[in-house]
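Novice: Let me give you the structure first, and then I'll get to my questions.
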Amino acid sequence: METMQYISTRGTTRPMGFQDAVLTGLAPDGGLLIPAEIPNVSALLDDWAKLSYQDITFEILRLFTDLPNDDLRELIDSSYANFRHPEIAPAWPVGPVHILELFHGPTLAFKDIALQFLSNFFEYILKRTGRRLNILGATSGDTGSAAIHGVRGRERINIFIMHPHGRVAPLQEKQMTSVLDPNVFNIAIEGTFDDCQQIMKSIFNDLDFKEKYSLGAVNSVNWARVMVQIVYYFSAGLYVMTETESSHVQFAVPTGNFGDVLAGYYAARMGLPISHLILATNENDILARFFNTGEYSLGRVVPTLSPSMDIQVASNFERYLYYRLNADSEKLKAVMKEFATTGKLHVPLVSGGCVDDLFIAGVGTTADTLATIRKYHEQYGYLLDPHTAVGVHVAEQHLSRNDATVCLATAHPAKFSKAIQDAVGSDLAYHPVLDALRDAKTRMTVLPADEAAVRTFIEDHVQD
Ligand SMILES: *Cc1c(COP(=O)(O)O)cnc(C)c1O
C-alpha cells in the first residue's frame, strides 16, 4: 500500500505526506489539505463491526497516515486512556433515535476525541525532530478548551487561543482560563468568533511569520481532526445498524464549522452505508440555507443557546465545495473569489432541486432547542445539551421508516446548564469536573480585534 499523499483544494501546493500535512495546517496556496484519494472500505465493514473503538480507529488511521503501526497504536491508546467511558463513544436508543455520546473526554465535548489525538501526535513528531511548535487557534468555546487540555504542560508546545471576549459560555471560558500551565495563553478578543478566525487566517497566510515562529493550527481546518472524527461514524453506524437490523443509517449533526459533518461525508464516501447526513444549524443558518437553495451567503452572527455553532463562515466548507465542484480547483478558486468579493457564492442544484442528495438540512431555533430539551427530559428521562438538541430537533422531522437515525451528542449538558435550567425549570445538569471549576483561579489577556496586537503578543511569548 502506498502512503497517502495530501493535496490542496486550490491545486497549487506540492503533494505532501500526512505528517507534513498535519504540521502545515492551511496549505501554502491558501487552500485546505485533503487526501489525494478517498479509500473505499466497503469490503471490510463486516469485520470492523466486531472491533473496539480503538481498533476501528487504528484501521481507519492506517489508511490516511504514514506512521509505523506500533507508534500509531500507542498514540491511539494514550489518546483515549483518559476518557470516562470504556466504549469511548457509546450510542444509546433514546425515544425514536440513537444518541451517540461524544462527550466523555476531559473537557466534556466531542472535540476532545480529535484533539487528544492531535496533541499526542504533535508531541510525538516534535520529540523525534527536536522541533518546537507554537499553536495558534480561534475558538467559539469548545475547540480552545479541548486544545488547551490536550497540550497543557507539554514541553515543546506553546498554545495561543483566541476567543470572543464575553461571548462564550461562562463555564467554557473557565475551562480555558483556569488552565494555568505556563505554556497556555488565553487571548480574549474584543469582537466575534469570526473576527478571531479572520485574525488567525490572516496570520497563517503570512508565511514568513508562520515559519519564523513555527506556528501550527489545531482548528478544524487541520486534517488530523477531520480524520479522527471519521471513526465514530463507523463505530456508531456499524453498531446501530446491527442493533436495529438496518441496512443504512442516517446521522443528524449539529453544525458550525462544518468539521464534524465533513467527517461524516468522508465516511459516506469511504463506503459506510449512510442514507442521509442531516445537517442542523441554529439561527446562524448559512449552511442550512446553502444546502436548501444552492446559495452560500454571509449573514450576521447572532448569539444563541448553542454558542459553538454561532458561526457564519464555516472554515471546513471549502473541502466539501471542492468535491461538490468535481475536484476542479480552478472553479473552486473562482467561486471562493466570488464569495470574498460579494459575500455570496452559488452552486447549481442537482435534479430534485437540492445541492446534494446525501444531505438534508434544517434549522433548530432557540424555541425548538428548549422544547426539544424539555421533551427528551420529560418523555425519555434524557438530558440533551442545546447543541445536541438542535440536531435532534431537525432529525425528528426526517425520521426514516427503514434506516436508524443516530444523533451526535456533541457536549455534556452540564456545560450549558443555563439552557437546561431554562428548558426544564431546574438546574438538573451537573458534572463534578465542572463543579470543581467554580472557585478556580483564571488567567487571560484581553486584546482588541486587531491583527497587529495579536502578532505582537505572540512575538512576546513564543517558544524558540
Ligand atoms: C464545535 C461544536 C459543534 C460544531 O461542530 P463543527 O465541527 O464546528 O461543525 C457542535 N457542538 C458542540 C458542542 C461543539 O463544541
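Novice: Expressed as a rounded percentage, what relative contact order does segment 334-464 have, with Cα pairs under 8 Å and six or more residues apart? Provide the component values of the computation, followed by the final result.
Specialist: Numbers: 109 pairs, mean separation 21.5, N = 131.
Computed value for segment 334-464: 16 percent relative contact order.
Novice: Follow-up question, since we're still on this one. How large is log10 of I(q)/I(0) for segment 20-68 at q = 0.14, 0.15, 0.19 Å⁻¹ when the intensity is taken from the Debye formula with one equal scatterer per alpha-carbon?
Specialist: -0.49, -0.55, -0.76
Novice: For the charge dipole of the chain, defined by +1 on Lys and Arg C-beta atoms and -1 on Asp and Glu C-beta atoms about the Cα centroid, which residue among VAL97, PRO15, SER178 has the Cα displaced farthest towards the positive pole?
Specialist: SER178
Novice: Right, next: Rounded to the nearest 20 debye, what is the charge dipole size of segment 1-70 about its Cα centre when +1 sits on each Lys and Arg Cβ and -1 on each Asp and Glu Cβ?
Specialist: 280
Novice: Starting from the Cα-Cα distance between ARG401 and HIS346, subtract it from 0.36 nm times their residue separation and give me the gain in nm to one decimal.
Specialist: That pair, ARG401 and HIS346, stretches by 16.5 nm at full extension.
Novice: How long is the gain from GLU37 to LEU51 if the chain were fully straight, where each residue apart is worth 0.36 nm and the alpha carbon distance is subtracted?
Specialist: Gain on stretching GLU37 to LEU51: 2.6 nm.
Novice: For Cα pairs less than 8 Å apart in space and 6+ apart in sequence, what is the mean separation divided by the residue count of the chain, i.e. the relative contact order in percent? Provide the component values of the computation, followed by the final result.
Specialist: Values: 934 pairs, mean separation 88.8, N = 464.
Averaging sequence separation for qualifying contacts and normalising by length gives 19 percent for the chain.
Novice: Based solely on C-alpha atoms, express the radius of gyration and the Dmax of segment 230-295 in angstrom.
Specialist: Here Rg and the maximum Cα pair distance are 12.7, 38 Å.
Novice: Using helices alone, I'd like the mean residue ellipticity at 222 nm for the chain: each DSSP H run of four-plus residues gives -39500 (n - 2.57), total over residue count, nearest 500.
Specialist: It comes out at -13000 deg cm²/dmol, rounded to the nearest 500.
Novice: Next up: Expressed as cubic angstrom per residue, what is the convex hull volume of the alpha carbon set of segment 152-231? Write down the numbers at each step before the final one.
Specialist: Numbers: hull volume 10.1 nm³, N = 80.
In segment 152-231, the Cα hull volume divided by residue count equals 126 Å³.
Novice: How many nm separate the modelled label positions at LEU428 and LYS212, each set 7 Å beyond the Cα in the direction of the Cβ?
Specialist: Here the modelled spin labels are 5.5 nm apart.
Novice: Considering only PHE457, PRO348, HIS377, whose Cα is most displaced toward the positive end of the charge dipole of the chain, charges sitting on Cβ of Lys, Arg (+1) and Asp, Glu (-1)?
Specialist: PHE457
Novice: Hey, another quick one. Is segment 38-156 rounded, prolate or oblate when judged by the Cα gyration tensor, a ≥ b ≥ c being the square roots of its eigenvalues, rounded requiring a/c under 1.5 and prolate requiring a/b larger than b/c?
Specialist: oblate
Novice: Now a separate question. Taking a threshold of 18 Å on the Cα-Cα distance, which of the pairs LYS111/LYS375; LYS174/LYS441; LYS201/LYS337 fall above it?
Specialist: The pairs that break the limit, which is 18 Å between Cα atoms, are LYS111/LYS375.
Novice: Please identify the trypsin sites (Lys or Arg not before Pro) of segment 242-345 that satisfy two criteria: DSSP loop assignment and at most 13 other Cβ atoms within 10 Å. Which are they?
Specialist: For trypsin sites (Lys or Arg not before Pro) across segment 242-345 that sit outside H, G, I, E and B with at most 13 neighbouring Cβ atoms in 10 Å, the list reads ARG300.
Novice: Next up: Among DSSP beta bridges whose residues both lie in the chain, state the antiparallel percentage, nearest 5.
Specialist: 25
Novice: Let me spell out the model: positive unit charges on the Cβ of Lys and Arg, negative unit charges on the Cβ of Asp and Glu, origin at the Cα centre of the chain. What dipole size does that give, in debye rounded to 20?
Specialist: The dipole magnitude comes to about 540 debye.
Novice: Express in nm, to one decimal, how much length is gained between ASP439 and ASP181 on full extension, taking 0.36 nm for each residue of separation and deducting their alpha carbon distance.
Specialist: Numbers: separation 258, 0.36 × 258 = 92.88 nm, distance 1.71 nm.
Result for the pair: 91.2 nm of gain on full extension.
Novice: Something else about it: Compute the normalised compactness of segment 311-464: alpha-carbon radius of gyration over 2.2 N^0.38 Å, N being the residue count.
Specialist: 1.44
Novice: Using only the alpha-carbon atoms of the chain as identical scatterers, what base-10 log of I(q)/I(0) does the Debye formula give at q = 0.12 Å⁻¹?
Specialist: Values, matching the q order: -1.03.
Novice: Give, rounded to the nearest 20 debye, the magnitude of the charge dipole that segment 343-433 has about its Cα centre when Lys and Arg contribute +1 at Cβ and Asp and Glu contribute -1 at Cβ.
Specialist: That gives a dipole near 140 debye.
Throughout, read-outs are computed from the coordinates displayed, never taken from laboratory work. Treat the numbers as computed from the prediction; the structure is a model and nothing was measured. Counting neighbours? That spans all protein chains shown, and the Cβs are built from the backbone with ideal geometry, glycine included.
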